[in-house]
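Report on the structure given below.
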Amino acid sequence: MLEIKCPYCGKRSQNEFAYGGDATVKRPELNKEVPDEEWDTFVYYRKNPRGNHLELWHHISGCRQWFKAKRNTATHEIIDTFELSDDIGDAS
Amino acid sequence: MKKYSVFSLIKNALSHHQNWDVAWRDPEPKKEYEVIIIGGGGHGLATAYYLAKNFNIRNVAILEKGWIGGGNVGRNTTILRSNYMYNANNLFYEEGMKMWRNLSQELNYNVMYSPRNILNLAHSDAQMNAYSRRGNSMRLNGIDAQLLYREDIKKIIPFADFSSNCRFPIFGALRQPAGGTARHDAVAWGYARGADDLGVDIIQNCEVTGFDVNNGKIQGVQTSRGNIKTKKIGLCVAGSTSLLAEKLNMTLPIEAHVLQACVSEPIKPLLDQVVTFGAGHFYCSQSDKGEMVMGGDLDGYNSYAQRGNLPTIQHVLTEGVALFPNLSRLKILRTWGGIMDMSMDTSPIIDKTHIDGLYLNCGWCYGGFKATPVSGLTFAHTIAKDEVHELNAPFRLDRFHTGHLIDEKGIGTKTWIS
């Protein structure tokens, strides 16, 4: 059982949360010409690291806030969680 | 290789089974190979086998980080089927089903192929319509499929919940009679023995640590047992694909996720079908040892851990008990996890790459086991001829740029909800 620390509610069991995927993926800027490759990369391509991974979680059965978690994909250790507005780079 | 037969069994029984040949050698790596397959799982072993058998390329090595058959080929729930809707999947997996039918004879190794029906249960009118459409798609591609109704299902699995207060009543099912199971370890061992006999070197405990690439061409690999030269590399490493691709500065449309499965304590024969629960994600068959073999959802977060958490097991077994109430009194004997290479459209990738001599076989999600023979056949073709086979032509990497996705499940890029 993972225990995930929601930045708003504190530590809760993983049953209350839904996963939201890689948080480092950046949508291309809309006010410029975006090449197809860039769109494809944004939509489909993932770094998929073994080790620290910055990812989105949703406290769906709790406060319903989205937040970011830095979690180790090899050990499942959750290193820290952050509010969406926190700029913490790519966590690696 | 000495052929296995009833006579060899009697002969070896008389000598107390002390004189059996080893099934495959344990060779030292040579300095150079014509083709190197990375990954000694089902797909890697099958690829090497067909390279030697169909294309007479015998100077081949399989490099395996651990031991052969220790990854997903030994961790799956052994289900075989070709009950897809899209033509690309139907034709590809059905070719695989044809190969399963005589694989034991082909390999002289009993893979225990058991065509025992796969029943995809439907729990609403809408689901019956969807299965009817899928069944028609299968039949148009020459695959037998039958739509069954509640009364038919009652005769086949009378111990399922047919009570009046059932939350998800069974409306019917799509049945593929050729669907079934095979003994997964035997598949790995059979292909290993067959490949070794044709001259393939199976090198275990040999981890690939880097690649030698010059002018966009593969020159060799660096391994924990020294550098080996080669012009062609086939990557068959499932969950570890992104890690090796990273060493080649490649990013792929793949995420690694952990999928768990479990078996109950062994019981007397109960279930002679493969059954999937349509109102959630639960599938079940009974092994020859009597264990109920069960699986379901991914844990749902990126993982390389080969182990999951209990909430998913609880969720899957809750569905199991909703379908078969009599499972509730069984004890779970063991659970385990494997790392799935989840592709972004839930379909595999078998292709060449922009690096000359590097070939990719990945993105199997959790459907890789049933494809072992046909994956090996088409990947061997792709490597040997340097062009894709017509069966894997739809499964190219560039579909994520051209938009020709094979999105069988229609879930978009949220691979973890499939």
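Points worth noting:
- Matching residues, the range B:399-415, being more than 25 Å from A:Leu56 (Cα to Cα), more than 10 Å from chain A (Cβ to nearest Cβ) and without any contact (Cβ under 8 Å) to a residue 12 or more places away in the chain: B:His404
- Residue that is closer than 30 Å to B:Arg396 by Cβ and either modelled with pLDDT of 95 or more or at the interface with chain A (Cβ under 9 Å from one of its Cβ atoms) (or both), where the choices are B:Ile267, B:Ile233: B:Ile233
- No other residue among B:Thr413, B:Thr378 is in a loop (DSSP other than H, G, I, E, B) and hydroxyl-bearing (Ser, Thr, Tyr) apart from B:Thr413.
- Top-ranked residue of the range B:379-398 - restricted to ones that are away from chain A (no Cβ under 14 Å) and surrounded by fewer than 14 Cβ atoms within 10 Å (Cβ to Cβ), ranked as farthest from B:Gly234 (Cα to Cα): B:Glu390
- Some residue of the range B:236-251 being among the hydrophobic types (A, V, I, L, M, F, W, C), within 29 Å of B:Arg58 (Cα to Cα) and in a strand (DSSP E or B): no
- One residue stands out among those in the range A:21-74 that are facing another protein chain (nearest Cβ under 7 Å) and polar (S, T, N, Q): the one that is nearest to B:Gly412 (Cα to Cα), which is A:Asn48.
- Residues satisfying the stated conditions in the range B:313-368, i.e. touching a Ser or Thr at 6+ places or on another chain (Cβ under 8 Å), closer than 30 Å to B:Phe162 by Cβ and not in a loop (DSSP other than H, G, I, E, B): B:Ile313, B:Val321, B:Leu327, B:Ile332, B:Leu333
- Residue tally, condition charged (D, E, K, R) and modelled with pLDDT under 95, over the range A:72-92: 3
- Test: residue in the range B:241-249 that is crowded, with 24+ Cβ neighbours inside 10 Å, among the aliphatic types (A, V, I, L, M), touching a residue at least 24 places away in the same chain (Cβ under 8 Å) and within 14 Å of chain A (Cβ to nearest Cβ): no
- Conditions (1) more than 25 Å from B:Ser240 (Cα to Cα); (2) of a type in the set (S, T, N, Q); (3) modelled with pLDDT under 95; (4) touching a strand residue (DSSP E or B) at 6+ places or on another chain (Cβ under 8 Å): number failed by A:Thr24: (1)
- Options B:Ala192, B:Ala279; residue that is buried (at least 22 other Cβ atoms within 10 Å of the Cβ), hydrophobic (A, V, I, L, M, F, W, C), touching a residue at least 60 places away in the same chain (Cβ under 8 Å) and more than 14 Å from every other protein chain (Cβ to nearest Cβ): B:Ala192
- Residue pairs whose Cβ atoms lie under 7 Å apart, separated by 6 or more positions or on different chains, with the first residue in the range B:306-322 and more than 9 Å from every other protein chain (Cβ to nearest Cβ) and the second hydroxyl-bearing (Ser, Thr, Tyr) and surrounded by fewer than 20 Cβ atoms within 10 Å (Cβ to Cβ), are B:Ile313/B:Thr335; B:Val321/B:Ser328.
- Of all residues in the range B:195-223, those being part of a loop (DSSP other than H, G, I, E, B) and either of a type in the set (Lys, Arg) or in contact (Cβ under 8 Å) with a residue 60 or more places away in the chain (or both) number 8.
The values are calculated or read from the model by the stated rules, or taken from the named source; none is laboratory data. No experiment lies behind these values; they were computed from the predicted model shown. Cβ atoms come from the backbone with ideal geometry, glycine included; neighbour counts cover every protein chain shown.
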